[in-house]
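Quick note: the coordinates plus some simple rules give every number you see, no bench work behind them. As the structure is a computational prediction, the values presented were derived from the model and not from experiment. Counting neighbours? That spans all protein chains shown, and the Cβs are built from the backbone with ideal geometry, glycine included.
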Amino acid sequence: MDKRALRIAIILGALSALGPLAIDMYLPALPMMVNDLATNDGAVQRSLMSFFIGLTLGQLVYGPVSDKVGRKPVIYVGLALFTLGSIGCAMATSIDQLTLLRLVQGLGGSIGMVIGMAVVRDLYTGALAGRLMSLMIMVLGIAPILAPLFGSVVLSVATWQIIFIVLAIYGVVAIAVVARFLPESRMPELRAVSHPSAAFKHYAGLLVSSKFIPYVLALALAQAGFFAYLSASSFVFISLHGLSPMAYSIIFGVNAVGLIAGAQLNARFVRKHGAAPVVRCATVVYAIAAVVLALADQAGYASLPLLCVLLFVVITSMGFLLPPSTMLAMEAHGAIAGTAAALMGAFQFGLGAIGSAIVAALADGTAAPMLGAIAGCGVAAALVANLAFPKRTAPANAGAAAH
């Protein structure tokens, strides 16, 4: 991989980290926010759900628009919204204000993943695209390791509001980096023939495409379980098991290491076995670990060590299925890469919002809602991957630059 591709992957990874940073940095503060905003666990979890809704809606707009006007102008709009939303969250004085401003922040933060995937598809295909996706996931994966730890450090010396000020600063720095180092990847001739109004037609076509929807649905279902973990894990570890915010952050970071490891190791398995078989296997491992954990919890045997180990297996499995399923979904849709990436992201975060809403609605002071949601999503993802994927998918083991 040349220096240009490496630089692009790092920048896109940093942009893609907007969402995870805005989620993970404030997770250690959720129990504290319940008291400061005079609300309850479920209401605070709904602020995370509103962020997911923003991520979903933003991507549906950004993808098609970026196909027409180019990637960079849309990035600037998204980063501006993210920065303003972060400042607003820092100034919120009620849970209703925070929930609304998290929606705005999510609308801006959604720019990262959709544009990142589109830029990779603009420039590369095949295995090289897969390697770039894996590198993006690695950069992206650093955020969940460092963000909760940094959030805990902030909480030890300041209030949770400062976390959102830091996010606003990140947004400003990102604008400067994009302006200086990220090239425009959407070719003028493709921009000229793109029409955002045609997005609904493209969405309709993608929704019935056997080369898109099975891969996206398997990924989105698996990720919905992951979002259930994000929305409730701080309450499970801090409130239920009595861990400190720092101890929780360390556990969260270890799980993120598993996510990165899976994202990096999957490439060798994809080269040997093909992308689709790797996704099928990863979803099965995810489902088995999640179901065992949920059943152990119901039987009263879900100790803290068992909880940590099996959640690590689940999240590492996510790392194995993220890059190949993304590559499979995007491979045949280069001409509408932004639109395809937008719909894929909308599926991921839309189902994530639903999963978070269910966990928040069922919050009862136990781990059962979170673990049940993860298990259900894992089983559904495994069923889709093993029953709905095309039976003959050629191994994605070769690639070339698109231009």
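Points worth noting:
- The chain: radius of gyration and largest Cα-Cα distance (Dmax), Å: 19.7, 61
- Placed amide H near residue 124: partners under 5 Å, 5+ positions off or other chain: 402
- Projecting the Cα atoms of 248, 281, 90 onto the charge dipole of the chain (Cβ charges, centred on the Cα centre) puts 281 farthest toward the positive pole.
- The chain: most fluctuating residue of 174, 222, 342 per GNM, C-alpha cutoff 10 Å: 174
- Rounded to the nearest 500, the helix-only mean residue ellipticity at 222 nm of the chain stands at -27500 deg cm²/dmol, with each DSSP H run of n ≥ 4 adding -39,500 (n - 2.57).
- In plain terms, the residue of 377, 281, 308 with the fewest other Cβ atoms within 10 Å comes first and the most crowded comes last, giving 308, 281, 377.
- Count Lys and Arg as plus one, Asp and Glu as minus one, and take only other residues whose Cβ is under 12 Å from that of residue 266; the net charge is then +4.
- Peptides ranked, highest mean first, by Cβ atoms within 10 Å: ranges 146-155, 20-29: 20-29, 146-155
- FRET efficiency, 1/(1 + (r/R0)^6) with R0 22 Å, evaluated for residue 254 and residue 296 via beta carbons: 0.65
- Each of residue 309 and residue 176 was given a label point 7 Å from its Cα along the Cα-to-Cβ line. The distance between the two points is 4.8 nm.
- In a reduced charge model with +1 at each Lys and Arg Cβ and -1 at each Asp and Glu Cβ, the chain shows a dipole moment near 1340 debye about its Cα centre.
- Of the DSSP H helices in the chain, those whose Cα atoms cover at least 27 Å axially and whose Kyte score averages -0.5 or more: 41-69, 71-91, 126-157, 161-181, 213-234, 245-273, 275-299, 304-330, 337-361, 368-387
- Legend: distances between Cα atoms for 3/272; 3/201; 201/272; 68/272; pairs beyond 31 Å are 3/201; 201/272; 68/272.
- Between residue 364 and residue 210, the FRET efficiency estimated from the beta carbon spacing at R0 = 35 angstrom works out to 0.30.
- By average C-beta atoms within 10 angstrom, highest first, the peptides 361-373, 97-109: 97-109, 361-373
- Charge tally around residue 364: other residues with Cβ under 14 Å, Lys/Arg +1 each, Asp/Glu -1 each, net -2.
- Peptides 317-323, 273-279, 166-172 ranked from most to least packed give 317-323, 273-279, 166-172, packing being the mean of other C-beta atoms within 10 angstrom over each peptide's residues.
- Cα centroid separation, the range 1-67 to the range 313-330 (Å): 19 Å
- Spin-label pair residue 161-residue 189: with each label point 7 Å from Cα along the Cα-Cβ axis, the two points sit 5.5 nm from one another.
- A Förster radius of 56 Å, combined with the Cβ-Cβ distance separating residue 2 from residue 38, puts the computed FRET efficiency at roughly 0.55.
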